Amino acid sequence: MDKWKCIKSFSVAEYDGDENIIEDVGQRIEVGSTWENEEAAQNNDIRLGNDSMWLEVSEETFENCFEELEGSF
């Protein structure tokens, strides 16, 4: 599984269990946090996860804010 590191912080909306928005800008994704590719996301977004959460980001956000960790597979 590919592993990725956040290289540019950004914020994402926070959702409840029914996928309703709780807060438009609820969770900050910090530089240095590490993520793994998850199952396919809806709407052509990229789904990433770690021990505490998962998120879906656009391809543009993914390309601008993440870099692959060497040695991941």
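The values are calculated or read from the model by the stated rules, or taken from the named source; none is laboratory data. The structure displayed is predicted, hence computed values, not measured ones. Cβ: placed from backbone, ideal geometry, glycine included. Neighbour counts: every protein chain shown.
Things worth noting here:
- Members of the stretch 46-73 that are buried (at least 16 other Cβ atoms within 10 Å of the Cβ) and aliphatic (A, V, I, L, M): ILE46, LEU48, LEU55, VAL57
- Here SER11, SER52 are screened, and the one residue that is assigned to a strand (DSSP E or B) and at pLDDT 80 or above is SER11.
- Any pair with Cβ under 9 angstrom, 6 or more apart, that starts in the stretch 46-73 at a residue that is closer than 19 Å to GLN27 by Cβ and ends at one that is assigned to a helix (DSSP H, G or I) and hydroxyl-bearing (Ser, Thr, Tyr): ILE46/THR61
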